[in-house]
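Supplied in C-alpha cells, the structure appears directly below.
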Amino acid sequence: LIMKEFNEEQFNQDFAEFWSNMEKCGVDKKFDETKLKNSLKTAPGLLNEDSGCAYPGGLLRHIVLSTAIAKKLLKMVSGAFDVEEESMVKIMSLMHLSKIQMFKPNDNDWEVKNRGLNYKFAELKGRLKFGERTILLLMNKGISLKPEEFEAIRSADKESEEPVSRAFDSIYSVIARHSNELAYNIEKEQYRKNK
C-alpha cells in the first residue's frame, strides 16, 4: 500500500475555503492562521489507508467536504427547523481540530504495509474522545459554544450510544453526524476507485 500523496493545490484551495468559513462564524481571530495551516498540512482525517482520508492534508479535505454537505443539508431542512448557518459552519469547521494532536504517523512499518495503518493515536493526557478534546481546545482558546453547538461537536463521540437517545438530538447534531458519515463514505469510495 502506498499512502496518498499530499496535494498542495488541493490543500491551498481547501484552506482558502476553510479559512473563509472560520471568518464567517467569527472564530478566525482565535487562531494563528499560519500555524493552523501548517498543522493541517500534515494532519490526516483517520488512521487507515482505506478510509480515503489517512494522508497529510486529509483532515482539512474532510472538514471542507463535510462542511459543504452540512450547508446543503441545512438549506434542505431550513423550512422546517429554525437553524443558523453560522452555527452549523462553526460546528463543522471546528469539530475535528483535535485530530491534529490525536493522530501521529505510525512508526510500525509492518502495520503500514500490511494493514494500511498509516497513523496511530498519540499519547495524550486525559482519556478524552475527539469531540471532548475539541471542546477542551476551544475552551482553552476562549471560544464560547451554544448548547446545541457543544452537543453537535460531541455527537461524533456518541456513535455507540443507544439510538433512543439520538431521538432527542438537536437538528445541528443530526446534520453534523450525517454530513460526516456522507463525507467519509465519499472519501472511502473515491479511494477505492482510484486505487
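Can you give the accessible area per residue of the chain, in Å², using a 1.4 Å probe?
About 56 Å² of surface per residue is accessible.
Follow-up. Given all pairs of different Cα atoms, what value in angstroms does the Kirkwood hydrodynamic radius of the chain take?
It is 17.2 Å.
Using C-alpha positions alone, give me the convex hull volume of the range 77-121 per residue in cubic angstrom.
96
Another question about this same structure. How far apart, in nanometres, would the label points at residue 68 and residue 85 be if each is projected 7 angstrom from Cα along the Cα-to-Cβ direction?
For the pair residue 68/residue 85, the computed spacing is 1.6 nm.
Can you pull a Stokes-Einstein diffusion coefficient for the range 44-83 at 20 °C (1.002 mPa s), Rh from Kirkwood over Cα pairs, as a whole number of µm²/s?
Taking Rh from Cα pairs, D becomes 189 µm²/s.
Roughly speaking, what is the stretch gain from residue 122 to residue 101, that is 0.36 nm per residue apart minus the C-alpha to C-alpha distance, in nm to one decimal?
Gain in length upon complete extension: 6.8 nm.
Could you tell me the ratio Rg/Rh of the range 92-195? Both radii from Cα atoms, Rh via Kirkwood.
1.02
Sticking with this one: Taking the Cα atoms only, what angle lies between the long axis of helix 85-94 and the longest principal axis of the chain, rounded to 10 degrees?
30
Work out the charge dipole of the range 60-184 with +1 on the Cβ of Lys and Arg and -1 on the Cβ of Asp and Glu about the Cα centre, then indicate which of 131, 117, 95 is farthest towards its positive end.
117
Okay, next question. Stokes-Einstein diffusion coefficient for the range 58-139 at 20 °C in a medium of 1.002 mPa s, Rh from the Kirkwood formula over Cα pairs: what value in µm²/s?
144
Computed from the mean reciprocal separation of all distinct C-alpha pairs, what Kirkwood hydrodynamic radius does the range 1-66 have, in Å?
12.2
Moving to a separate point now. Relative to the first principal axis of the alpha-carbon coordinates of the chain, what is the inclination of helix 171-194, with its axis defined by its Cα atoms, in degrees from 0 to 90 and to the nearest 10?
Approximately 30 degrees, to the nearest 10.
Compute the acute angle (0 to 90°) between the alpha-carbon long axis of helix 58-77 and the principal axis of greatest extent of the alpha-carbon atoms of the chain; round to the nearest 10°.
Orientation of helix 58-77: about 30 degrees from the principal axis.
Same structure, new question: Return the long-range amide H neighbours of residue 106 (sequence gap of 5 or more, or a different chain), with a cut-off of under 5 Å between placed amide H atoms.
Under 5 Å from the amide H of residue 106: 119, 120.
Oh, and also: Tell me, what % of the accessible area of the chain is carbon and sulfur with a 1.4 angstrom probe?
52
The values are calculated or read from the model by the stated rules, or taken from the named source; none is laboratory data. Treat the numbers as computed from the prediction; the structure is a model and nothing was measured. Cβ atoms come from the backbone with ideal geometry, glycine included; neighbour counts cover every protein chain shown. Just the protein is used for accessible areas: all its heavy atoms, side chains included, with ligands, DNA and RNA removed. Shrake-Rupley method; radii C 1.70, N 1.55, O 1.52, S 1.80 Å.
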